[in-house]
Amino acid sequence: MKKLLFFVWVILISTSCEKNYIENSTIAGVWVEASHKTDTLVFDNQTTELSLNLKRGTEIRNGYLLPKYYSGSYWYEIENDSISLRWWASSSSYATKYYFKLDLKNRSIKIGNFFDSSINSNVIFTFTKVQ
């Protein structure tokens, strides 16, 4: 009985690892926000740490042309229907979870608002894959 339980455990672990690998490899690329087309997510899975780069354009603040707030690189981890994000420049070691849904058939991602402080944090954005 113990051998059977161990075997089942090994199968479960190996299939869950395979699922994450497939999901992470299919998410790599460039995704543009569907409605306004002003924000872009670039998922890079070439390194040991999974990272995404949020590109939001630039704006003038205090006379300087600067990237819009929350632009930059994030470390991420996908778990079922959520994505944990941690901004690389943050001094915190804690990630924050947001809603996440990958739709490979329609080449789209739905993700909770983690970057636009001018609107409600419960808003769900849709991004479509362009590369």
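The values are calculated or read from the model by the stated rules, or taken from the named source; none is laboratory data. The structure presented is a predicted model; accordingly, all values stated were derived computationally and were not measured. For neighbour counting, all protein chains shown are included, and Cβ atoms are generated from backbone atoms with ideal geometry for every residue, glycine included.
For this structure, a couple of remarks:
- Residue count for segment 66-89 satisfying the condition of being exposed (fewer than 14 other Cβ atoms within 10 Å of the Cβ) and either aliphatic (A, V, I, L, M) or assigned to a loop (DSSP other than H, G, I, E, B) (or both): 6.
- Residue satisfying all of: in segment 113-126; touching a residue at least 24 places away in the same chain (Cβ under 8 Å) and closer than 15 Å to Y70 by Cβ; nearest to the chain's Cα centre (by Cα) among these: F114
- For segment 90-122, the candidate set comprises residues that are farther than 16 Å from N53 by Cβ and in contact with a helix residue (DSSP H, G or I) (Cβ under 9 Å, 6 or more places away or on another chain); within that set, the residue that is surrounded by the most Cβ atoms within 10 Å (Cβ to Cβ) is L102.
- Some residue of segment 96-108 being of a type in the set (A, V, I, L, M), closer than 21 Å to V30 by Cβ and in a loop (DSSP other than H, G, I, E, B): yes
- In segment 44-70, the residue that is modelled with the highest pLDDT out of those that are more than 20 Å from E33 (Cβ to Cβ) and among the polar types (S, T, N, Q) is N62.
- Close Cβ contacts (under 6 Å, 6 or more residues apart or on different chains) running from residues in segment 48-69 that are within 16 Å of D116 (Cα to Cα) and touching a residue at least 24 places away in the same chain (Cβ under 8 Å) to residues that are of a type outside the set (F, W, Y) and part of a loop (DSSP other than H, G, I, E, B) comprise L54/S71; R56/D39; R56/K68; R56/S71.
- Checked against the criterion of being in contact (Cβ under 8 Å) with a residue 60 or more places away in the chain and among the charged types (D, E, K, R), the candidates K97, K129, K105 yield just one match: K129.
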